[in-house]
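Notes follow the structure.
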Amino acid sequence: MFIAGISFFSGLMLIVFSIVLYWKKAPLQRVSRFLASAFLLLACWDFSVAHLYSGLVSKSDLLLSFYFPVDLILSLCIGPILYFYVQVLFERNQFQWKKQIGYHALPLLPAVLFLLYFAAVPPNERIVMLLNESFAKHWMVVGITVLYYIQSVCYFSYYLLKVRKLRTSDYLLVIDQQQMNIRWLMYLSVLSLGTTFIYSLVWTFSSSMQINILAQQCIFILLIVYLFIQSLSSTGLSMQEIIAIPTEKEPELIAIVAAPLQVECKLNISEQQAHIILLKLNEILEREQLYLSKKCSLSQLAQCSNIAAHHISTAINSYTAYNFSDFINKYRVDHVCRLLQTEQLQKLTLVAIGLECGFGSRANFFKTFKRFTGKTPTEYLIIQQSILKSVDSRE
């Protein structure tokens, strides 16, 4: 009864977590409620497992006859649920998750088909399958489990890459004039990949369904508690000090520099203050050319400009069309364009020029350049050469 008990306890814990996230007022209410819905689905998974093992331990024909493998379907919902959570967190109202739900629901189809197959089996045969553990060895169950591993690795790898894109801005995400450090999402992805690998080893070398479920439950509880704690502190449920920005007619930079970095603080920077910050950033970037370094980060720019990192991030995110990464990449693209109009091209290849201008790889260089200019570096070069030839012919 231990596994049934821990599953039931985990389900109750998830319901409590979901109630807290749903009803507690927070600036990121939509994100919190989406995660609350995810916790409710996972609670249903726990109760399904508790139902199964209560029947197995007591060998109750009544309990086992009413068991249906909805837990297989719910386990495949974990990856998509966290995917939507991350996308809503990053894109907020711009993300239309209802339009994408069909694509992410496709992996559920094998589990749904197996549920229908299992429900069509006579109750007596279902009970025998569960008692002699032939259920866990069924080829469809094995296939769904393998699909779960593949799905988990793909989703958690995506979360990791998504968050790492903000590493140049110290993993700071500005949402509705609030700054949030989402480094914890990267840690969650790494932790999830590691625990998924451990569970895959247990599932491979253990033939006991009880040991497999116990390992899965321990991993789920660990991840759920970590996710709840971090979401509780990082989506506005525990607000920190609010910084009041002076609103004089001619604000001085001294009021916004050298302030300690605050996470989740409400930032009310006016357009005039942001304009002053952006002018100073432009002056420093043009003079020092910090963007030519692949390691150009928000903290480095804050140190060079003597402006607090969270004010820089807020000014860029709120008063330009870019985030910090795109803001720096715009300077890099402009620098590349200038180089393509000089003799520097005779010494370096296009890829070498991109790397010299701070891009980390050829793929990143070409993709970013085309996003800002609408042309690949090669296409841009051909146009520049044709312009130069036409000018020379006129002369």
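The values are calculated or read from the model by the stated rules, or taken from the named source; none is laboratory data. Since the model is a prediction, treat every value here as computed from it, not as a measurement. Every residue, glycine among them, receives a Cβ derived from its backbone with ideal geometry; neighbour counts consider all protein chains shown.
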Counting only residues that are at pLDDT 85 or above and of a type in the set (Ser, Thr, Tyr), how many does region 260-296 have?
2
For residue 115, only one of the following conditions fails: (1) within 19 Å of residue 132 (Cβ to Cβ); (2) part of a helix (DSSP H, G or I). What is its number?
(1)
Candidates 27, 69, filtered to the one that is under 29 Å from residue 158 (Cα atoms) and at pLDDT below 80
27
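Looking for something assigned to a helix (DSSP H, G or I), over 22 Å from the mean Cα position of the chain (by Cα) and more than 21 Å from residue 380 (Cβ to Cβ) - is there at least one such residue anywhere in region 315-331? Please lay out each step first, then the result.
Residues of region 315-331 assigned to a helix (DSSP H, G or I): 315-319, 324-331.
Narrowing further to those that are over 22 Å from the mean Cα position of the chain (by Cα): 315, 319, 330-331.
Of the ones still in play, those that are also more than 21 Å from residue 380 (Cβ to Cβ) are 315, 319.
Yes, some residue in region 315-331 is assigned to a helix (DSSP H, G or I), over 22 Å from the mean Cα position of the chain (by Cα) and more than 21 Å from residue 380 (Cβ to Cβ).
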Name the residues in region 282-324 that are surrounded by 18 or more Cβ atoms within 10 Å (Cβ to Cβ) and aliphatic (A, V, I, L, M), would you?
285, 290, 298, 301, 302, 307, 308, 309, 312, 315, 316
Identify the single condition in (1) modelled with pLDDT of 85 or more; (2) crowded, with 20+ Cβ neighbours inside 10 Å that residue 367 does not satisfy, given that it satisfies every other one.
(2)
For region 117-141, give me each residue that is free of Cβ contacts under 8 Å to residues at least 60 places away in the same chain, surrounded by fewer than 15 Cβ atoms within 10 Å (Cβ to Cβ) and among the hydrophobic types (A, V, I, L, M, F, W, C).
119, 120, 121, 128, 139
